[in-house]
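Down below is the structure, laid out as structure tokens.
The values are calculated or read from the model by the stated rules, or taken from the named source; none is laboratory data. No experiment lies behind these values; they were computed from the predicted model shown. Cβ: placed from backbone, ideal geometry, glycine included. Neighbour counts: every protein chain shown. All accessible areas refer to the heavy atoms of the entire protein, side chains included, with ligands and DNA or RNA removed. Shrake-Rupley method; radii C 1.70, N 1.55, O 1.52, S 1.80 Å.
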Amino acid sequence: MSDKYDVVVIGAGPAGYVAAIKAAQEGFKTACVEQWADDKGNALLGGTCCNIGCIPSKALLDSSYKFAEARDHFAEHGITVNEPVADVPAMQKRKEKVVTQLTGGISGLFKHNGVTSVVGKGKVLAGAKVEVTDAEGNVSILEAGNIIVAAGSVPVAIPPAPIDDEYILDSTGALALSEVPQRLGVIGAGVIGLELGSVWRRLGSEVVMLEALEDFLPMMDQQIAKESAKIFKKQGLDIRLGARVTHAEVKNGQVEVTYSNADGEHTETFDRLIVAVGRKPRSEELFASDSGITLDERGFIYVNDFCETEAPHVYAIGDVVRGPMLAHKGSEEGVMVVERIAGKPAQMNYDVIPSVIYTHPEVAAVGKTEQELKADGVNYKAGVFPFAASGRALAAGEPEGMVKLLAESDSDTILGCHVVGASAADLVQQVVIAMEFGSSAEDLALIVFGHPTLSEAVHEAALAVDGKAIHIANRKKRG
Ligand code: FAD
Ligand code: NAD
């Protein structure tokens, strides 16, 4: 049996479900094929992001942050509480509730917009057809005017530390722990390592992070990365750089990890080990051999700037294609693709995609880093404003970190913004908006910012670009 649709989306993560809703809104007859099902056999929507990624991690980050605030910082504000107790199963239950509410919400949006939800594993066949295989092995064919592949990504595995889902965990296992490990090892001091390492550190774990590279957060602006490293060290995250893990073995209910660094070989014993060394595209078994789709050497589906694959009417978006593995990047690609299918001249601005590490304080960025501008030979000016000089940051007890704004020397056009500090994500988003409108640093400097807000640090950083900050001593201009 074969059903006909204008648009068939494969995958219901933030890239796929947004594309499906948008397609239905544009008046296309739309189906979304998702392989994950709930215990009633209905499609489990929301993908990695809602089920095992962004949302559950932020639920645990927020719970553990509140706990750590009560334990470590309430007294500064004159609040006395009895020694707080972390009830991890209760935190996990709350996390599940948040996830269920969101994924149920997406089901509701599918119904409201008329998206047909199909449960099963999708495969792209030649001639714009999608083969769907359900859990019982039954196969059906969907005929599609257009196909949007949004199959997402999976964690990278490393041979020295194979995941056993009990002692050696990937991010999914690390989000589901029912008690606080006394000693927690984390391989990889990237985004997941820092976020999940922070959750369990706040709840009382002794956390050791083993990072292969010599530089901490090499993709971030290095001034911000160095400041972040200091803050994380103070929080008790033991981040060991240049550490190459050679072996991990479960012995007597613990994990023994061997790693080498410049000082030689070392062994550490942990109660649990999290492996967070990156993610890779989920592109295997997605295409029939004659489908005309090409993968690159790392398994990403080859697409152009408009997310068009090499097969006519087949598009790919989200983590399964090049670019940062971020939920909002995939969602916007989905919107762009559907608008183009509808004949509109949509495009993505890949230069202005914000990224955030949701530690406390947050680390957030958009645009070019100082080291990238240097490497590209761009003449630039930098304005930095520390939160220690912000009245609101002091009032909130959040004096750590800074806002850094980079602008092109002659035109003054904003090229990047990098923040470590409280609410960094929301502060950077203000600059994202400014950059989308092609603002100069002076444009930002001329805007009225409410007082007292953390946003004033963005204003002051913009003023500092031209040595005109009010609430810090400006660097003297040379010449
Ligand atoms: P996914 O979300 O991976 O969804 C793909 C979907 O396709 C899945 O539901 C899968 O079952 C389905 N699928 C795959 N193959 C098939 C098939 N053949 N047939 C049918 N269905 C199929 N990003 C952020 O922006 N902010 C964050 O705070 C953040 N936190 C994260 C925390 C963690 C712990 C992790 C692991 C990731 C986090 N990410 C975050 C990254 C974010 O989750 C991904 O970038 C995002 O989910 C990618 O969306 P996607 O739709 O491309 O793929
Ligand atoms: P990542 O690339 O951020 O970090 C992986 C780290 O592991 C890197 O620092 C890398 O040098 C290190 N590494 C790699 N191999 C190693 C080895 N053998 N031994 C020791 N260290 C090693 O990847 P991640 O933290 O796994 O996250 C995966 C993706 O998910 C990221 O691309 C990220 O964009 C996305 N994500 C985003 C958020 C967010 O937006 N807040 C949160 C979580 C995940």
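Things to note:
Table: residues versus (1) touching a residue at least 60 places away in the same chain (Cβ under 8 Å); (2) in contact with a strand residue (DSSP E or B) (Cβ under 7 Å, 6 or more places away or on another chain); (3) in the same structural domain as residue 144 (by TED's automatic domain parsing); (4) among the aliphatic types (A, V, I, L, M).
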| site | (1), (2), (3), (4) |
| --- | --- |
| 291 | yes, yes, yes, no |
| 296 | no, no, yes, no |
| 309 | yes, yes, yes, no |
| 312 | yes, no, yes, no |
| 316 | yes, yes, yes, yes |
| 325 | yes, yes, yes, yes |
| 330 | yes, no, yes, no |
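- Considering residues of region 156-208 that are over 16 Å from the mean Cα position of the chain (by Cα) and among the polar types (S, T, N, Q) only, the residue least open to solvent (accessible area, probe 1.4 Å): 205
- Residue 247 falls short on exactly one of the conditions (1) over 22 Å from the mean Cα position of the chain (by Cα); (2) within 28 Å of residue 152 (Cα to Cα), and that condition is (2).
- Filtered residue count, region 391-432, keeping only those that are farther than 13 Å from residue 224 by Cα and over 18 Å from the mean Cα position of the chain (by Cα): 20
- Among the criteria (1) away from ligand 1 (no atom under 13 Å from the Cβ); (2) at pLDDT 95 or above, the one residue 170 does not fulfil is (1).
- Residue 228 vs. criteria more than 16 Å from ligand 1 (Cβ to nearest atom), open to solvent by less than 10 Å² (accessible area, probe 1.4 Å) and hydroxyl-bearing (Ser, Thr, Tyr): yes
- Matching residues in region 368-402 - criterion: being open to solvent by 30 Å² or more (accessible area, probe 1.4 Å) and either assigned by TED's automatic domain parsing to the domain that holds residue 333 or under 26 Å from residue 330 (Cβ atoms) (or both): 368, 372
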